[in-house]
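The values are calculated or read from the model by the stated rules, or taken from the named source; none is laboratory data. The structure presented is a predicted model; accordingly, all values stated were derived computationally and were not measured. Neighbour counts run over all protein chains shown; Cβ positions are idealised from the backbone, glycine included.
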C-alpha cells in the first residue's frame, strides 16, 4: 500500500503522528492511537515523522485484512523555532470494502499559521 503525507503549510513543519494497526482496533480511534502502533519507519525526515513545509513524503507499507492506519491529526510546529502552532484533526481508514491495499492513501496537512486542517484521501494507483 502506498501512503503519502503532504504538508501544504508554508511556515510549519508537521509531525504527522502516523499509526498503523495490522488488525482492526476494537475501539476507534482510541485503540489505534497507542504508542505500540506508532509508525516511524521511513516517515518524514530521517524517520522522525516530521514533514517539512511545502513538501511530501511517500512510503510503502505491507497490507493485510483489517489493516487500520491513521494520523492523530499532526502537530504543526514553527519550522524555525519548533514552537507548537497547533494540531490537526484525527483521521483514519481501514482495509475492507474500500480495497485500500490497491490504493494510494494520502494524508494532507494544511493551515494558515493559526488554524490547521487534516484530510485523508483515497485514490487509485495509476
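Brief remarks on what is shown
- Here residue 42 does not fit the description of being surrounded by 15 or more Cβ atoms within 10 Å (Cβ to Cβ) and more than 17 Å from residue 100 (Cα to Cα).
- Qualifying residue in region 63-85 (condition: touching a strand residue (DSSP E or B) at 6+ places or on another chain (Cβ under 7 Å), at pLDDT 95 or above, assigned to a loop (DSSP other than H, G, I, E, B) and exposed (fewer than 13 other Cβ atoms within 10 Å of the Cβ)): yes
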